[in-house]
Structures are given as structure tokens and as C-alpha cells.
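Okay, so here's the structure we're looking at.
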Amino acid sequence: MTAGTDVVTDWLAPTDEQRLATVATGLFADRFTGRPDGVWFAPGRVNLIGEHIDYVGGRVLPFALPHGTAVAVRLRDDDVIRCVSTATERAWTGTIGDVGPGDPRGWAAYPAGVLWALRYHDTIAHVPGMDIAVHSGVPRGSGLSSSAALECALALAVAEMLGAPTDDHGRSLLARDCVAAENIVVGAQTGGMDQSAALRARAGHALLLDCTDFTVEHIPLDFTAAGLELLVINTNAPHRLADGEYGRRRASVERISKRIGPQLLRDEPDVDAILRTIAATQPVAVPRMRHVLTEIRRVDTVVAKLRAGAVADIGEDLNRSGESLRIDYEVSCPELDNAVTAALDAGALGARMTGGGFGGSAIALITAGSSDAVSQAITRAARDRDLPAPQFLAGVPSRAAHRLT
Ligand code: ADP
Ligand code: MG
């Protein structure tokens, strides 16, 4: 908490990894007795740019946060799985055989789903039972991907303990398995960006992920050296049932993107010409596809600017992305609009909603040293509009998943 002139802002400090491991180990000892075989960590993420284009094979540009989740794990010599978390009273005990599409329900679907998927894809030939204790420094359900942090920490733990490859290719397979866990066992639509960031990102870099084939490039991203900071704003917006909205948009742009073909979708310089063709048969889809086509090109622009060291210049692209999501894709909400507008009014170089929308988080590119002023302005604006008080995080591009102890 930082005391301002008239508002108090809520800051979430970067995760202290040793402390995270200590708490996870303490929970493990308390609930299972004894010590874990090891403790593994995976980070949450934010997406700098490339929103709602993962499912049409676009390129996205997330980076790993310095906030993450630890899992303390011990292998068992039977097939029993036990899961506990500091985030919930609800423990889960079952066997590998109990896990499948839609089972179990609740939070244990994430860890149990990972074990199921590792087996399903034959990444691990025989998955034994295990005891799993979770402790996280990532806010849940805020669009910062606490789900992938949990999945990926466990997937890396199992891979390292049971000898599956954990080089970048091995990690890409683990990311695929975590996506399957979330799609099939949890039953949530997720495209692979979160899991790729958690397992494959590099400190000081953004991860340029091609969602057609999951190849990656690491783009240097050092806000501090540019005299800047990236402020992450968790709006704490109430949960909205947006699955139907997401599904409708996704189905429509997937269908049209397939018809257009990957070449035109990604490389055609004349976006208006493509939109005119779409307008002839499906006029209602024009704004949605305008977002997709322009966002794909904005990612290329941002990557070029970052490669040229022009970090401050990406502010305008963040703004355009946010406007496109708000007006053409229609996935914003009052809490996100408030955060973006207040950040820009307080002097941010650029700001936009990040993640799927309808709540969750926003990002703002600000000058170094202005985070207190900007966060206070956003908090004050939320209070004036009777919106929830937001929480702030420093967006520092950080390491992917690794072992802690
Ligand atoms: P996000 O990934 O943006 O945080 P999701 O809805 O995708 O939001 O995932 C949040 C869910 O992941 C939680 O509701 C919970 O089921 C599970 N989860 C994440 N972290 C933990 C944790 N530390 N302990 C228990 N469950 C967790
Ligand atoms: Mg998630």
C-alpha cells in the first residue's frame, strides 16, 4: 500500500520465490507430513500486444511476470493424487483413473488435468500418484494467468522428476499438454499463449509466439533502460459470464479467417480491400475482422519498434490496439475503460486492456518514476465511478518456469 495525498493504492509486490517455496513446503508438511521431493515455480503473464488473434493463427507478444505459483510435489508409489492449496479450503483426493474430460470439477481439475494430459499425449509413459501443495503470488481470475502458472509449474515438476525433456522443444510439448488439461479436463477455452509464456519466456524479453506452429522468438524488452515502466492494472472487475461472447466472436472470425487464408490474413498490406470483400457477403463481421487484421499488423509494428530500441514509440500502438478491442471487437467493460482513460489522462504514453476482456487487467506504458501518480489517478477515478479499487503490479519481463528447491 502506498499512501497518496488522498488515496491509498494497492500494490502487489513481485513474488519472493524463496518465501513462496517456504510456504508451499509448510503447507505440504502440514497436510501430508514430511517433505516434498522438490518445489517448482511458474510465472503469470501479461500480453503486450496481439489480442484475440491467437485462435486465427496470429502472432502474440506476452512476457512472464515476476509473480508466480509454486508447487511442492512428492511422488507416491501408488496411483493416488492429493491436491491442496493455500488459496482454498477444498482439498482433492482421487486417482489418475478418476481424471478425464470434465472430471474432477473445481480447482483440482488444473493439476489433475495436467497429469492426465501428460499421460494422454505420452509425454510421460507412466504417471504415478503424487502429493501436490500449491501456493501462489498471482491474483486468480484477473487475466494474469494464474491457471497456466499452476499447470506449468506442475508440468515442469513432473517432467524433471520423471525424465521428460525440458529444453525449449520439451517445454513446447509441456505447454501443449497444459493447454489440453485446460481445454479437455477443465473445459475452458485457451489458446496456448499463457502456457507458452509460463514455460518458454526469457527474463528481459517478450516472447513472440506464432500461434500457427508455436515457434517462438525472444524480443529484447527492457523498460527500465528506456526510462519507462509497464504498469499492470488488475481492475478487480466482478466475474462476468463472457464464455458465450467469446465463443461467438471466435467462431465468426475463425470461419472467415480460414476462408481468407493465412497469406492474406497476415501479409496483405491493403486491409481495406480484404474488408470490402468481407462486407459484400458478411457486413456484420467487418468490425470483428478489422480488429483481427489490424491487430496482426500492429504486432509486426511493435516488434519492429522494439528491435529498433524505440520502446517509447509503442505507446501509440497500445492505444490503437485498445481502441480496436473496445470499438470493433467489443470486449471491454467500464472497469477497463476507466483504467485506460485515467492512465492516459495521468500522462501514460499508451494504455490498453490486455487479455480476453470483459474484466481482468489493463496495461499502461509510463515514464519511470510516475507509477505512484498514475496508480493514484486510476484508483481515484475508479472510486469516483463506484468501481472496485484496482490492484497494481510492476510489469517486469521475467523468467519462465524453473525449480526452486
Ligand atoms: P486466470 O488464469 O486469468 O487467473 P482462470 O479463470 O483461467 O483465470 O484461472 C483461475 C482458476 O485457476 C482459479 O479459479 C482456480 O480454479 C485455479 N487456480 C489458479 N491458481 C490457483 C491456486 N493457487 N490454488 C488453487 N487454484 C488455483
Ligand atoms: Mg487462465
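For the condition more than 25 Å from Gly34 (Cβ to Cβ), in a loop (DSSP other than H, G, I, E, B), within 16 Å of ligand 1 (Cβ to nearest atom) and touching a residue at least 12 places away in the same chain (Cβ under 8 Å), Leu65 does not qualify.
I'd like the residue in segment 136-170 that is of a type in the set (S, T, N, Q) and at negative phi and, out of all such residues, is surrounded by the fewest Cβ atoms within 10 Å (Cβ to Cβ).
Looking at residues that are of a type in the set (S, T, N, Q) and at negative phi, I get Thr166.
Could you please let me know if Val99 is under 30 Å from Val396 (Cβ atoms), buried (at least 24 other Cβ atoms within 10 Å of the Cβ) and at pLDDT 95 or above? So Val99 does not fit the description; no. Looking across segment 187-213 at every residue that is buried (at least 24 other Cβ atoms within 10 Å of the Cβ) and not small (Gly, Ala, Ser), the one that is nearest to ligand 2 (Cβ to nearest atom) is identified as Asp194.
If the condition is being within 14 Å of ligand 1 (Cβ to nearest atom) and touching a helix residue (DSSP H, G or I) at 6+ places or on another chain (Cβ under 6 Å), then segment 74-94 contributes Cys83, Val84, Thr86.
Of all residues in segment 152-160, at least one satisfies being out of contact with any strand residue (DSSP E or B) (no Cβ under 7 Å at 6 or more places or on another chain) and more than 16 Å from ligand 1 (Cβ to nearest atom).
Looking at segment 188-234, which of its residues are in a loop (DSSP other than H, G, I, E, B), among the aliphatic types (A, V, I, L, M) and within 16 Å of ligand 1 (Cβ to nearest atom)?
Once the filter is applied, which keeps residues that are in a loop (DSSP other than H, G, I, E, B), among the aliphatic types (A, V, I, L, M) and within 16 Å of ligand 1 (Cβ to nearest atom), segment 188-234 yields Ala188, Ala201.
Name the residues in segment 235-278 that are farther than 24 Å from Glu335 by Cβ, among the acidic types (Asp, Glu) and in a helix (DSSP H, G or I), would you? Scanning segment 235-278 gives Glu254, Asp267, Asp272.
Comparison of Gly170, Gly97, Gly106 shows that the only residue that is without any contact (Cβ under 8 Å) to a residue 24 or more places away in the chain, more than 11 Å from ligand 1 (Cβ to nearest atom) and out of contact with any helix residue (DSSP H, G or I) (no Cβ under 9 Å at 6 or more places or on another chain) is Gly97. For segment 279-299, residues that are farther than 14 Å from Asp328 by Cβ and free of Cβ contacts under 8 Å to residues at least 60 places away in the same chain total 3. The residues of segment 12-62 that are in a loop (DSSP other than H, G, I, E, B), under 20 Å from Arg76 (Cβ atoms) and hydroxyl-bearing (Ser, Thr, Tyr) amount to a single one, Thr33.
Tallying residues that are among the polar types (S, T, N, Q), surrounded by 20 or more Cβ atoms within 10 Å (Cβ to Cβ) and more than 19 Å from the chain's Cα centre (by Cα) within segment 311-359 yields 2.
The values are calculated or read from the model by the stated rules, or taken from the named source; none is laboratory data. Just so it is clear, the structure is predicted and the values come from calculations on it, not from any experiment. Positions of Cβ are backbone-derived with ideal geometry, glycine not excepted, and every protein chain shown enters the neighbour counts.
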